[in-house]
Amino acid sequence: MDFTFKEEQQQFADALRRWVDKDYGFETRKRIIHSPAGVSDEAWATLTELGMLALPVPEDQGGFNGSAVDMLVVMQELGRGLVVEPYFATVLGAQFLNLAGGHGKLLEQVAGGELKLACALGEQQSRHDLSDVATTGHELGNGYVLNGTKTVVIHGGQAGAFIVSARSGGEQRDKGGISLFVVPADTKGVTVTDYRTIDGQRAATVRFSGAEVPASALLGGVGAGWDILDAASDYGATLLCAEAVGAMDAIFAATLDYLKTRQQFGAPIGKFQALQHRMADMFIHLEQARSMAMLAAVKVASSDVEERRRVVSAAKVRVGHACKFVGQQAVQLHGGMGVTDELPAAHHFKRLTMIDLTLGDADHHLERFIAQPGFKHAA
């Protein structure tokens with residue numbers, strides 16, 4: 001496998017890193033987090049200007065038709081810079097629209113930075129099982145009516161529209177019977193409760209109480225949304241793996257710098273062999289996670305569904321373990337300062353923790369990996 005990024009991909013990464021270093025530094029980020037909105041319109045405009053919103057959108061809708069590998073480059077830089085804007089939520093929503101087809105106008109708005117999306121998929125009882133859907137979406141006249149509650153909707157309070165999974169048939173945990181809808185945030189019967197998460201990002205509880213949408217809001221067929229939901233969530237997990245690698249890059253570099261400058265017994269603590277061994281272990285975890293994130297980005301578009309599921313889950317497991325190990329070691333090697341808000345390391349660790357818990361944690365994906373056909377035979 002060729003691990004060398006193309007010139008265009010490197011240009012995207014360089015442009016993002018320059019912007020983060022110049023205009024989205026640690027102190028600026030803290031001000032954004034603690035502002036009433038929790039996000040920055042100026043930062044969103046810059047991401048749009050740099051072409052980041054157009055990158056995953058098809059060319060027919062004014063985008064660049066970027067691949068998951070192109071997105072990996074972008075997500076790594078956003079993870080490194082701890083960017084809290086609703087980029088991930090929006091591009092994940094765009095992937096649902098992409099896979100379903102027939103919603104070119106919305107994709108054009110995404111590419112132009114005019115529309116922010118959020119994916120309302122999880123529920124209180126479902127944990128990481130996206131097929132556990134109690135929210136209902138039944139036909140009513142020439143449209144559908146939605147009832148139910150979605151929890152921890154990432155950037156739900158900032159979204160102009162939601163991608164919603166709802167049950168049109170079957171039992172609560174059946175994969176069949178799930179329908180997907182795109183629901184404008186201002187739809188009557190939709191209530192959004194916005195809050196800040198531990199990593200400085202935003203999430204919301206979204207309630208649907210007799211929310212009516214037209215037939216055009218349906219993504220795919222009635223009760224046949226599982227394949228789109230499964231594929232899009234794998235795409236989202238792949239992006240999160242890439243973001244985690246960027247965050248781990250940053251926390252590793254910060255820890256190495258600290259060991260070189262912190263003095264103890266008249267010498268930098270980085271000279272102590274025990275600490276050098278711990279840094280070496282961190283580096284191994286980071287590089288293994290990087291390799292798996294790249295593999296997932298290459299395979300997430302595979303026509304072999306079993307291969308896609310197997311590789312993405314393997315990547316989420318490996319990256320999840322690395323997030324925990326690298327984060328914990330960084331905090332410990334920083335000493336008591338490693339858990340304070342004054343150091344970026346603490347914020348990177350919080351973000352790494354939330355990445356592991358989003359779209360399935362390591363335990364969930366390990367079970368999913370084992371459940372794939374052929375696992376027992378291969379073992």
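Does the chain come out rounded, prolate or oblate, given a ≥ b ≥ c as the square roots of the eigenvalues of its C-alpha gyration tensor, rounded meaning a/c under 1.5 and, failing that, prolate meaning a/b above b/c? Can you show the working numbers first?
Values: a/c = 1.80, a/b = 1.55, b/c = 1.16.
It comes out prolate by the Cα gyration axes.
List the DSSP H helices in the chain whose Cα atoms stretch 15 Å or more along the helix axis and whose mean Kyte-Doolittle hydropathy is at least -1.0.
Membrane-span-like by this rule: 68-80, 87-100, 226-261, 273-299, 305-333, 344-357.
Taking 0.36 nm per residue of separation and subtracting the Cα-Cα distance, what length does fully extending Ile284 through Ala371 add?
Contour length minus the Cα-Cα distance gives 28.5 nm.
Between Lys22 and Glu7, what length comes free when the chain is fully extended (0.36 nm per residue of separation minus the Cα-Cα distance, one decimal in nm)? Intermediate values should be presented prior to the final figure.
Details: separation 15, 0.36 × 15 = 5.40 nm, distance 2.23 nm.
Contour length minus Cα-Cα distance gives 3.2 nm.
What net charge is computed for the residues neighbouring Phe325, neighbours being all others with C-beta under 13 Å from the C-beta of Phe325, Lys and Arg scored +1, Asp and Glu -1? Walk me through the intermediate numbers first.
On the way: positive: Arg278, Arg318, Lys324; negative: Asp281, Glu287, Asp356.
Result for the local shell: 0.
Could you order the peptides 340-349, 74-83 from most to least packed, using the average number of other C-beta atoms within 10 Å per residue?
74-83, 340-349
Based only on Cα atoms, what Rg/Rh ratio does the stretch 150-234 have, Rh being taken as Kirkwood's radius?
For the stretch 150-234, the value is 0.98.
Please state the relative contact order of the stretch 3-91 as a whole percent: Cα pairs under 8 Å, 6+ residues apart?
It comes to 36 percent, rounded to a whole number.
When only Cα pairs under 8 Å and 6 or more residues apart are kept, what is the percent relative contact order across the chain?
15
Which value, in Å², gives the accessible area per residue of the chain when a 1.4 Å probe is used on the protein heavy atoms? Mind showing how you got there, number by number?
Working: 16670 Å² over 379 residues.
That works out to 44 Å² per residue.
If the label point is 7 Å along Cα→Cβ of Thr149, which residues in the stretch 185-202 have backbone nitrogen under 14 Å from it?
Once the point is set 7 Å along Cα→Cβ of Thr149, 191-194 turn out to lie under 14 Å by backbone N, inside the stretch 185-202.
In the chain, carbon and sulfur make up what percent of the accessible area (probe 1.4 Å)?
Carbon plus sulfur share of accessible area: 52 percent.
Estimate the FRET efficiency between Glu139 and Ser209 by the formula 1/(1 + (r/R0)^6), using the beta-carbon distance for r and 22 Å for R0, to the nearest 0.05.
That gives a FRET efficiency of 0.80.
Roughly how many whole Å is it from the C-alpha centroid of the stretch 146-215 to that of the stretch 274-337?
Value for the Cα centre distance between the two parts: 30 Å.
Top to bottom by accessible area (1.4 Å), largest first, where do Ser291, Ser35 land?
Ser291, Ser35
The values are calculated or read from the model by the stated rules, or taken from the named source; none is laboratory data. All figures in this text were calculated on a predicted structure; none of them were measured in a lab. Reconstructed Cβ throughout: ideal geometry from the backbone, glycine too, with neighbour counts over all protein chains shown. The area values use the complete protein model at the heavy-atom level, side chains included, leaving out ligands, DNA and RNA. Shrake-Rupley method; radii C 1.70, N 1.55, O 1.52, S 1.80 Å.
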